[in-house]
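The values are calculated or read from the model by the stated rules, or taken from the named source; none is laboratory data. Predicted model only: the values in this text are computed from it and were never measured. Neighbour counts are summed over all protein chains in view; Cβ atoms, including those assigned to glycine, are modelled from backbone coordinates with ideal geometry. Note: areas computed on protein heavy atoms with side chains; ligands, DNA, RNA excluded. Shrake-Rupley method; radii C 1.70, N 1.55, O 1.52, S 1.80 Å.
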Amino acid sequence: MSAPQSFGRFVARAAAGGGLVVQPRMGFGTPRLMRAGLERVRAAAGSTAGTLTIDSYTRVGDLAAAGAALAEGAALNGYPIATHPPAVTRELLDGITAADFPVQVRHGSSRPEPIIRALAAAGLDATEGGPVSYCLPYGRTPLRESVDNWARGCELLAELVPAPRTPHLETFGGCMLGQLCPPGLLVALSVLEGLFFAEHGIGELSLSYAQQTDAGQDAEAVRALRRLAAELLPPRVEWHVVLYTYMGVYPGTRAGADRLLEASARLAVRSGARRLIVKTAAEAHRIPTVAENVRALEIAAAAAALTEPPAAGDESADSEVYLEARAFVGAVLDGGGPVGTALRTAFARGWLDVPYCLHPDNAGRSRSVIDPTGRLRWSRTGSMPLAPVRRSGRVPELTADGLLAAVHAVARRYDHVA
Amino acid sequence: MSLPPTGQTVLVTGTASDSHTWNLVYLQLFVEELGYRVVNLGPCVTDDLLAEACRVHRPDLVVISSVNGHGYRDGLSAVTRLRRGPGRSDIPVVIGGKLGVLGERSPEAAARLLAAGCDAVFDDADLDALREFLTRPAAGARTAHRHAGSTV
């Protein structure tokens, strides 16, 4: 290890060699299991990055409950990084993290400070988050609080991971509720969270987008995300795009799950994403094992290796997704001022309005549907800066049965392909 | 396909430890189509928040949904708070979802919920039972009879 290494440089180097980095969501409560899992991920065929996914007690800030669960020997659904002493985490990572195997912390907390302190103390540099995306979908933390917490979180990460180390932060904004959010809004949120991170001192980012219902629309979205990032992020900021394999209701059959995973790997390569967070065939039923994670990584890496990368310059088209995402970002940033304040204003006024999101700070006046061609569309735009949905030929409102069909549409399609 | 308005309000809510929301979004549409106005409290609703929302919105029925495996425990706590805590209320309460971690119905746990003041306990995905509860004569009225939903 000579040159200073970073999560982003590792991904860039893999991309230069034509490889897509594949990464699991994986977390275990004990250092022994966690280390064993990371060893297996590191040894998997393909360019892999490691993950410490944090348990949900630590996520909600209930460190007492995480400690009690460890003391009782109860199984946790992730690694309690703020409860194990830093020396224990360092030891578990010793000989695992390296220039060719970075490890990222994924957690989902709207109160990230203890997690950021713990990961920095353990020698880690890379994590995931977002003032909107780690707040609105899952809980009741007020958006104002989450914005403040994440502003401080970014600054803390920058401070606690000093040069020659490089703090890295990934936006979760390209996922939100996992399904049924039209891509223009996902792309806009990812870009806005990236701008927020940059404003608070983070110089190396990844911008996420989660696979949705239609491969063509998804490819437009990833390209739109790359174009907007290039247009809007300060030139000093290094960034890449990370794709998430479908985050909604997952196919129930192994064959269906594998096909969806392979489709996401092909989408990543064709659209110019440089990293893929995979899902396993076990996902529909329970928390996957290490072996299931490794299997998913290797299937994704193999599918990616067989896919042609995009021709240069194809991200410049004014696609529908790009225009919509640009309208959102423009409306939010128009008033000037800090990005965090602009985000709060935009949600308060319903300019950004995540469909089906029940958080008290989300306006809740937008609705979406899957159209007959399989693309995600708005059926109600509320106060968002979009043309109102045309009355003629408009897609009908979602009913309860319609919603059920929509959330299962991808699973059904991949389960039932002959 | 929607039924005519009943003029009644249903409060749909998650439980304190449950961050899932798609179940609540679905239930809102389902209950609205049966002619009710819905107030949806969303996920991670504490017992006190639920009690306060009942005081403010004065719903005709509370529908608690839980899918994270803590439903028996969290639901018992919520209905106990509602029936016995400050500002105690007799608004009918039903609960359903994946209530236990084992993925199977526990008659003992369901009996505890009924004894604590739940008006019905529905199995996961037993929407016919919920529909029947909501469409029978005087559904949601404060005179609702105690009734163990399950297979009905």
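Structural remarks
- Averaged over its residues, region A:7-305 has an accessible area of 32 Å² per residue, based on protein heavy atoms and a 1.4 Å probe.
- Peptides ranked, highest mean first, by Cβ atoms within 10 Å: ranges A:288-295, A:79-86: A:79-86, A:288-295
- The value of relative contact order for region A:7-305, using C-alpha pairs under 8 Å at least six residues apart, is 19 percent.
- Shape parameters for region A:267-374, alpha-carbon atoms, Rg then Dmax in Å: 19.2, 50
- Within 10 Å of the Cβ of each residue in A:134-141, the mean number of Cβ atoms contributed by other protein chains is 3.
- Translational D in µm²/s for region A:142-188 (Stokes-Einstein at 20 °C, 1.002 mPa s, Kirkwood Rh from C-alpha pairs): 168
- Surface/4 estimate of mean projected area, convex hull on alpha-carbon atoms of chain B, nm²: 7.8
- Ligands, DNA and RNA aside, A:Asp148 has an accessible area near 80 Å² when probed at 1.4 Å.
- FRET efficiency, A:Thr307 to B:His57 (Cβ-Cβ, R0 60 Å, nearest 0.05): 0.70
- Length gained on full extension, A:Ala348 to A:Asp401, computed as 0.36 nm times the residue gap minus the Cα-Cα distance: 16.0 nm.
- When the solvent-accessible area of the protein assembly as shown is split by element, carbon and sulfur atoms take up 54 percent of it, the probe being 1.4 Å.
- Relative contact order [Cα under 8 Å, 6+ residues apart], chain B, whole percent: 21
- The shape of region A:15-79 can be summarised by an equivalent ellipsoid whose semi-axes, obtained from the alpha carbon gyration tensor, come to 29, 13, 6 Å from longest to shortest.
- Highest-first arrangement of A:39-49, B:59-69, where packing means the average Cβ count within 10 Å: B:59-69, A:39-49
- Applying a DSSP loop filter and a limit of 14 other Cβ atoms within 10 Å to the GluC sites (Glu not before Pro) in region B:68-139 leaves B:Glu104.
- Directionally averaged shadow of region A:229-326, computed from the convex hull of its alpha-carbon atoms, nm²: 7.9
- Mean Cβ neighbour count within 10 Å, used as a protection proxy, ranking A:21-31, A:114-124 highest first: A:21-31, A:114-124
- Remark on region B:34-75: accessible area falls by at least 30 square angstrom from chain-alone to full-complex state for B:Pro43, B:Cys44, probe 1.4 angstrom.
- For the segment B:19-25, counting C-beta atoms of other chains within 10 Å of every residue's C-beta and taking the mean gives 6.
- Inter-label distance for B:Thr6 and A:Glu39, nm, one decimal - labels placed 7 Å from Cα along Cα-to-Cβ: 5.9
- Here is the P(r) of region A:125-253: all C-alpha pair distances, binned every 10 Å from 0, give 13, 44, 32, 10, 1 in whole percents.
- Average other protein chain Cβ within 10 Å of Cβ, residues A:397-403: 5
- Segment A:Ile287-A:Asp334, extension gain: residue separation times 0.36 nm, minus the distance between their alpha carbons: 12.6 nm
- All C-alpha pair distances within region B:1-85, sorted into 10 Å bins from zero, spread as 19, 50, 27, 4 percent across the bins.
- Chain B contacts chain A over a buried accessible area of about 1500 Å², both sides summed; the probe is 1.4 Å and only protein chains count.
- Binned Cα-Cα distances of region A:68-135, short to long, each 10 Å bin given as a whole percent: 19, 48, 30, 4
- Helix-only [θ]222 nm of chain A, DSSP H runs n ≥ 4, -39500 (n - 2.57) each, per residue, nearest 500: -13500 deg cm²/dmol
- Rg followed by Dmax, in Å, when chain A is reduced to its Cα trace: 20.2, 64
- Where labels lie 7 Å past Cα in the beta-carbon direction, separation of B:Glu33 and A:Asp318 in nm: 4.0
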